[in-house]
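Written out below as structure tokens is the structure these notes cover.
Nothing in this text is a laboratory measurement; each read-out follows from the coordinates by a stated rule. All figures in this text were calculated on a predicted structure; none of them were measured in a lab. Positions of Cβ are backbone-derived with ideal geometry, glycine not excepted, and every protein chain shown enters the neighbour counts.
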Amino acid sequence: MSDSDDDIPQLSAATLAALQEFYREERDGLVQSTALVDKYSVGAVEEDWRMSQFWYSDETATRLVEEVIQEAGKGGRIACLSAPSVYQKLKQGVVEGSDGVSAVVLEYDRRFATYGQEFIFYDYNEPLALPEDVAPQSFDIVLADPPYLSEECLNKVAQTVKYLAKGKVLLCTGAIMEEHAEKLMGLKICSFLPKHNKNLANEFRCFTNYPSNLMS
């Protein structure tokens, strides 16, 4: 066997160019995919305690996304009301079925305006001050997480929820709000225990007005 360089297989110029193009597309695709996940990562926007912001743990956000995808159905519309970490997990595209639904995030924090047309500015003190293009009963499921544990806040958020939802509602709030959740929106407490990245003093629970897997 010869040690000459002439014995080493050589790629044609066309084949080499095609191979380089393939590697470039693979690299660009990976960069774009990573950028997408980074943009929607829960840590992309830091919690601000002054706005009573507490992001869900990755496990809880994933479980809630699975729930709203299932209940919205293929082609369904989802409203995340004061629940940006659920919206972010949905938009990461890592949960099965997330590409088959659409979602918006309603938030007072304008930092989330980076999400473009899917961001809707929302102040619970003005529960029906929504853009004209947000039609009533236009969302297959509304997931709401009121910023404050008070009957006043929940009452105003309930007005927004009733305007947005076709029927299904998933509320995440303190367990102490159980009586008000049932009185205002006919919601029943679930056995599922949502967790946050930072431990909260108040026990958190989920409430729904439909038969949910979160019940068991």
### Query
Separation of region 146-216 and region 89-130 by C-alpha centroid, Å?
18
### Task
Read phi for every residue in region 158-172 and hand back ³J(HN,Hα) as whole Hz from Karplus 6.51 cos²θ - 1.76 cosθ + 1.60, θ = phi - 60°, with x for Gly and Pro.
4, 4, 5, 4, 5, 6, 7, 7, 5, x, 7, 9, 10, 10, 10
### Query
Applying the Karplus parametrisation 6.51 cos²θ - 1.76 cosθ + 1.60 with θ = phi - 60° to the phi angles of region 181-189, what ³J(HN,Hα) value in whole Hz is obtained for each residue in order, glycine and proline being reported as x?
4, 6, 5, 7, 10, x, 8, 10, 6
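I need the trypsin sites (Lys or Arg not before Pro) found in region 65-163, filtered to DSSP loop residues with at most 12 other beta carbons within 10 Å of theirs.
Numbers: sites: Lys74, Arg77, Lys89, Lys91, Arg110, Arg111, Lys156, Lys162; in loops: Lys74.
Taking region 65-163 and a limit of 12 other Cβ atoms within 10 Å, the loop trypsin sites (Lys or Arg not before Pro) found are Lys74.
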#### Entry: Reachable lysines, given that their alpha-carbon falls under 16 Å from the alpha-carbon of Lys89 and they are not under 8 places away in the same chain
Lys39, Lys195
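Give the relative contact order (percent, whole number) for region 94-175; include only Cα pairs under 8 Å separated by 6+ residues.
Answer for region 94-175 is 26 percent.
Summing +1 for each Lys or Arg and -1 for each Asp or Glu, what net charge is found among the other residues whose Cβ lies under 13 Å from the Cβ of Arg205?
Value of the local net charge: -3.
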### Message
Run the reach check for Lys183 against lysines, Cα to Cα strictly under 21 Å, same-chain hits fewer than 8 apart removed. What comes back?
### Response
Lys156, Lys162, Lys166, Lys168
### Query
For region 100-107, in order, what is each residue's ³J(HN,Hα) by Karplus, 6.51 cos²θ - 1.76 cosθ + 1.60 with θ = phi - 60°, in whole Hz (x at glycine and Pro)?
x, 10, 10, 8, 10, 10, 9, 8
